[in-house]
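Where a number appears in this text, it was derived from the coordinates with a stated rule and is not lab data. If you're wondering where the values come from, they're calculated on a predicted model, not measured in any experiment. Note that each Cβ is placed from the backbone with ideal geometry, even for glycine, and that neighbours are counted across all protein chains shown.
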């Protein structure tokens, strides 16, 4: 009876991970079926795949809270949708463009917002659990700085890819003729980090506290 109970407990503990992986690979498979541009698809989904590798390697030593894993899956979905259609041709945002009477598909702006909204929570968790920073004001300031630095690094990657591949990178850049594309992307990075800190900070704190209590009782692994 005890063995069977322990087995059921093990299944319940593993179920979220199994569902997360199933959703990730289902999205990846869908995005890779006849994408609009195969080279762009590869460039867009590569960060999601690399992120999965990092999460897998760190899972036992530094397991994140459920909120963080959920946000990573959301970001992966955004990247894979952009990879499948290219950021400039996502159908839902074509419809929104026509409805609003604007000249460009703004899915890339949503993507840049999410691409920093999610790392803000990841950076916040690392800073708190490893006790890198004392004081919430400095925590919020340095998370925002980290997100701006990450956005700048991504813009440099886009520049490097464009220089190396020429016209083949046009769909990856997705500027659509907007001369302030880089600056607006970085502004969205700052906005995304502030939104994440303001909207999810307390929820994030509660989940971290729950993890710390679990570790103290000898439960879920993860360095705190």
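Quick check on packing: order 154-165, 58-69 by the mean number of other C-beta atoms within 10 Å, highest mean leading.
On the way: 154-165: 13.8, 58-69: 15.6.
Answer by packing, highest mean first, reads 58-69, 154-165.
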Next item on the list: Quick one: P(r) of region 2-216 from all Cα-Cα pairs, 5 Å bins, percents rounded to integers, in order of increasing distance.
Entry: 1, 6, 12, 17, 18, 16, 12, 8, 5, 3, 1, 1, 0, 0
Next item on the list: Please work out the C-alpha center-to-center distance from region 87-161 to region 33-73 and express it in whole Å.
Entry: 15 Å
Check: Counting other C-beta atoms within 10 Å, which of 25, 127 has the fewest, and how do the rest follow?
Finding: 25, 127
Check: Highest mean first, what order results for 205-211, 129-135 on Cβ atoms within 10 Å?
Finding: 205-211, 129-135
